[in-house]
Structure formats: structure tokens, C-alpha cells
2 protein chains.
Amino acid sequence: MSVIRNILNSRSSKDGNFFIALQKILGFKPKDISHYQKAFTHRSLNQKDKLGNAVNFERMEFLGDAMLSAIIAAYLFKTVPGGNEGYLTKMRSKIVSRKHLNELGKDLNLIEFVQTNIPKDQFGANIHGNLFEALIGAIYGDRGYKYAKKFVYERVINPYVDIEQLEGKVISYKSLLIEWCQKTKKTFNYEVYEDSGNEEVKHFAVKLRIDDRVVAKARATSKKKAEEQASKRAYYALQDKIDIE
Amino acid sequence: MSVIRNILNSRSSKDGNFFIALQKILGFKPKDISHYQKAFTHRSLNQKDKLGNAVNFERMEFLGDAMLSAIIAAYLFKTVPGGNEGYLTKMRSKIVSRKHLNELGKDLNLIEFVQTNIPKDQFGANIHGNLFEALIGAIYGDRGYKYAKKFVYERVINPYVDIEQLEGKVISYKSLLIEWCQKTKKTFNYEVYEDSGNEEVKHFAVKLRIDDRVVAKARATSKKKAEEQASKRAYYALQDKIDIE
């Protein structure tokens, strides 16, 4: 009996940890955790439901992929009123590229949640993007389109989608800013001032100083992204200046 | 002045007719008709908005295509719990096939609404499906995901999507039923008993009699579809019998 109780306890405490970690990533409370459990179940477990249907994240990935595509389509439709069908299609492919989705999944460290029978280090790079899509599918299943949309805005669009950058007009705001500083003989300095190591998702905060004055701050899941974000903010804040000189 | 007034009057009465016809198809009142006007504007008009952006249904089509894919994905995910990712993808392609979308657009006679500078008889078959997708895009723009989903259920999934038929397990319920009648020496008769010719969308109603008893009725936008629908209903009503003999 005590063995069973221990197993049950350890499972429920594991579920509890999963719930808490998940809530941090989602930004809201999951209603039905079973959707998320499916989203992190690898086929190697050979899990089946009561009716004998295979349970793994691949179906969730299909659902999440479709929702992500629709949400990005609606975002682009609204944001780029001058873009024709071909342009919108091309921009969407860039945003939901395998590479980008892998980065997003990796940043959130989703692989940590995977239940699998094969060692995690044997997964290829695509596991990250697949889990990210599956997570979006689970959110849709749990809370519907509105929450899936909210999540995609918070985790994909707001932090990372920049139409100008996607169009290749701006490769990197950091290089743009450095170039301007050199041209105008200004000093610049990026300072990482916080690394909240005990959060589920690591964050880096960066202060950008120009001529010893802090002109922008940003926080992101990698030092590079935080620097780019701070540069972008500074760029827009200083844009009149940059354009004039 | 009277010329201008006449033009204005005729345009607003045209808009009024469009609004009424649209409402019948949608099953709800449009909030902002401009979305639907865009959905039925052909590029040959060279229409532009105030900012100089091209206005035509192609952008709406992009949006509607994405929404339709997502809605069908969610439907299949829920309805076929035993289908893996590949199966769900395949089933979705069948449902949103160009041919099927063209049929759907044609049944609703959407081409009637198109504003164009080229003669409508010069459009290819795909115009019907393109307009159908654009209409879904307009619904999303006007009323959001929930209404787009409702429309897709009412106009695509409920009347036409049959997983068994899509899987090729059942080619046609009508032939299944006829076969059974012949085998069991029963008479059968399909009677078209109503053709509401003055509605925006033509409908055909069919009564299916077996041994002179009405066993099923159905209503659809073509005689063939109504017969198939009535056969399907009869098939399910008689299924125990059919399976036994």
C-alpha cells in the first residue's frame, strides 16, 4: 500500500510541478491539463487511451500548426494592408519556418516536459518546434481560439515578428545602431544586468547606453535577442536623429 | 443633381439587396458590410483604399483559406480520435480540395455578387472556390473565429463531411441503398417535391420511399446531393436491417 501511495504522491507532485511550470509559460491557468499532457507525450511511450487510440503529441502538433498558421495569417492580413496574397503567404512562411519554431520551443525549454522512452539527447532539432506547435494545439483544445491567439501574440508576434526585418529591409537593429554610433562618433555599450536563473525560462536583461546614457532596456530569452530588442527600441526612439545624419 | 441622386439611390438599394442576400447565406446579420464587399471585388476593378492599397478578394481568400484549414483541422482532431497526423492531413486535403470548394461556392451562387470589369462567363471554375474562401475570410474579419467556425459547420461540415465517405469506405449511400432494395426485392422511389426557385440559393427537397413508405427526406442545393442525403438518412435509419440481410 505504501508503495502505491508513494507512486501516487510522486505522480501528483510531478503533475503539480508540471502545472506550475506550464502556467508560467502560458500566462494563464490551464483548465484541463490532459490536453497539455498529450502535447508532451512522445510516441515512444506507446500510450493508448481507453478506446485504444494512440496518444502522443503528433496529433496536437497537427492542430497547433493549423491554428498557428491561421493566427499568423490574420495578424499579417491586419498589419500589412498593402500586402497581396503572395506577399502574405511568403511572410507567413518566414514566421512559421521550422528554424524559427525550433528556436521558440527551445527558448521555452519545452523539451524538459517531454515524457519519452528514448533519451532526450537523441531527439533532432525539430523536437523543439514540434512541441511548440503541440503546445498551441493543447491551448486551443483547452481554452479555444482566443487563448491560442493570445499565446501566439505574446510568445511569437510581439517579441519576434518585425515586418521590416522579415522583408530584409533591416537585417539587424544592433548592426544598424552600431554603424550609426561609429559614424557619429558616439560610444555605445550593452550591459547584461540580470539573469533570473531560477525561473523556468531563463531571461536576459540588457541595458543599452549611448554616450553613457541609458537609451533602451530589453528582456528576452537570450542575450542576443535582448540586445537586438534593445537596439530596436533605441533605433525607433532615435529614428529622427538616425535618419538626419 | 437628380442624376447623382439616382446613382446614389441605385447604389444604396444595390447594397441593401446585397445585405439581404448575404444575410440569407450567412445565417446572421453582418456587422460591417465592407469586409464582404472586399470579398466580392475582383482585381479587374483596380479598386484602391484611401492609402492606395489594392482592394480585391485575393487577400480575403488568403485569410479565409487559413481559417478554413484551421477549423477543419480542429473538427477532424475532435471527430477522429484514432487518426494520426498523416491521416488527419489527408482527410483535410479531401475536404478543402479545390473541387469541393468550387462546388460549395457554386452552390451558394457567390459569383452573382462579384463586382468585376471582365465578363463573369470568362472566369474559370476556381472563381467559385476562391469566393467561398474569401467569404470565410470576410466572416472572420467581421465577426471573428466563432462565427467563421459556425459558418463552416453549417455550410461545409454538417451537410457534406462524412468521414466514412471520405475514407472511401462508402462511395455513395444512394448506391448502397439501391443495392439493398434490389437484393431484398423492395421498390424504391426518389421524389423531388419542392424547388424553391425564388430563394437566393436554389434548394431541392427529396422524399425517399421504400415500398411506398416515406423513409427519409432531405433538402440540399442540388437534386443529387438531396438524394444522397436522404439515402444516408435512410441508411442509418435502416442500418440494423441492412446489416442483417
Between the residues B:Met91, B:Ser69, B:Leu51, the Cα farthest towards the positive end of the dipole of chain B, that dipole coming from +1 and -1 charges on the beta-carbon of Lys, Arg, Asp and Glu, is from B:Leu51
Taking every alpha carbon pair in the range A:36-168 and sorting the distances into 5 angstrom bins from 0 up to the bin holding the longest one, the percent per bin comes out as 2, 10, 20, 22, 17, 13, 8, 4, 3, 1, 0
Between A:Phe188 and residues 5 or more places away or on another chain, the pairs with built amide H atoms under 5 Å apart involve A:Asp211
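Quick one: if the Förster radius is 25 Å, what FRET efficiency do A:Arg213 and A:Lys24 give, using the C-beta to C-beta distance and rounding to 0.05? Provide the component values of the computation, followed by the final result.
On the way: r = 34 Å, r/R0 = 1.36.
Here the calculated transfer efficiency is 0.15.
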Mean projected area, convex hull of alpha-carbon positions in the protein assembly as shown, reported to one decimal in nm², is 33.9
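Please identify the DSSP H helices in chain B that span no less than 24 Å along the helix axis (Cα) and have a mean Kyte-Doolittle hydropathy of -1.0 or more.
B:2-26, B:57-79, B:126-143
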Sorted shortest first, the nm distances from the A:Lys223 label point (7 Å along Cα→Cβ) to its counterparts in the other copies are 7.7
For B:Phe123, inter-copy label-point distances (7 Å, Cα→Cβ), nm, shortest first, read 4.7
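Quick one: of A:Lys120/A:Lys174; B:Lys146/B:Lys174; B:Lys48/B:Lys120; B:Lys90/B:Lys207; B:Lys48/B:Lys150, which pairs are farther than 25 Å apart, Cα to Cα? Before the final figure, lay out the partial values.
Numbers: A:Lys120/A:Lys174 34 Å; B:Lys146/B:Lys174 34 Å; B:Lys48/B:Lys120 21 Å; B:Lys90/B:Lys207 34 Å; B:Lys48/B:Lys150 31 Å.
Beyond 25 Å: A:Lys120/A:Lys174; B:Lys146/B:Lys174; B:Lys90/B:Lys207; B:Lys48/B:Lys150.
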All alpha-carbon distances of chain A, grouped into 10 Å bins from 0, give the whole-percent distribution 7, 26, 30, 22, 11, 4, 1, 0
Copies of B:Asp49 compared via label points 7 Å along Cα→Cβ give distances in nm, shortest first, of 4.1
Per the 1/(1 + (r/R0)^6) rule, R0 = 25 Å and r from the Cβ atoms of B:Asn17 and A:Thr79, FRET efficiency to 0.05 is 0.15
If every Lys and Arg gets +1 and every Asp and Glu gets -1 at its Cβ, then about the Cα centre the protein assembly as shown yields a dipole, in debye to the nearest 20, of 480
Once phi for every residue in the range A:210-221 is put through the Karplus expression 6.51 cos²θ - 1.76 cosθ + 1.60 (θ = phi - 60°), the whole-Hz ³J(HN,Hα) values, with Gly and Pro written as x, are 10, 6, 6, 10, 5, 9, 7, 10, 7, 9, 8, 8
Expressed as a whole-number percentage, the relative contact order of chain B with C-alpha contacts under 8 angstrom and at least six residues apart is 17
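Each value in this text was obtained by applying a stated rule to the coordinates, not by laboratory testing. Fair warning: this is a prediction, and the values are worked out from it, not measured in the lab. Glycine also receives a Cβ, built like all others from the backbone with ideal geometry; neighbour counts cover every protein chain displayed.
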